[in-house]
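Computed from the coordinates by the stated procedures, all read-outs in this text should not be read as laboratory data. These figures come from a predicted structure and were not determined experimentally. Every residue, glycine among them, receives a Cβ derived from its backbone with ideal geometry; neighbour counts consider all protein chains shown.
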Amino acid sequence: MDMKTLVFFEKEPELLPVYEAFLQAVLHRHRDVDIAVQKTQIRFKNRYGFAWASLPLRRIKGLPEKYIIVTFGLGHRVENPRIFSAVEPYPRRWTHHVAVASPEEVDDQLMGWVEEAYRFSMEK
């Protein structure tokens, strides 16, 4: 794990295995991804950003005590109980947010959405 990532998770080290599971799942599918650790998020991009991992800034009622937020962008809204927020910042550009509390939650469903976001970002 690189130093920037360790610093990113410094205040929530117990979430590092959750992020590691997500990172490995993305890299297993796409070796060509550029990953940038920024101040408030970790961006995954091909031509454009398609997924982000971040830590919650505040507690959200109904979500687990500890989790990372996996964000992905699609050309349509996905309705699913796992998605705690979906917004359309631009026409036909939906940003979805999923709370991921354990490595086991980095599953086929989540990675299917991320895969779709990867392809969508290549079409922009």
- Assigning unit charges at the beta carbon (Lys, Arg +1; Asp, Glu -1) and nothing else, what dipole magnitude in debye, to the nearest 20, does region 1-98 show about its Cα centre? 360 debye
- Once fully extended, how much extra length lies between Q24 and A101, figured as 0.36 nm per residue of separation less the alpha-carbon to alpha-carbon distance? 26.1 nm
- Note the count of lysine pairs whose C-alpha atoms are less than 25 angstrom apart in the chain, limited to pairs 8 or more residues apart or on different chains. 9
- Projected onto the charge dipole of the chain (+1 at Lys/Arg Cβ, -1 at Asp/Glu Cβ, origin at the Cα centre), which of F72, H28, L110 gives the Cα projection farthest towards the positive end? F72
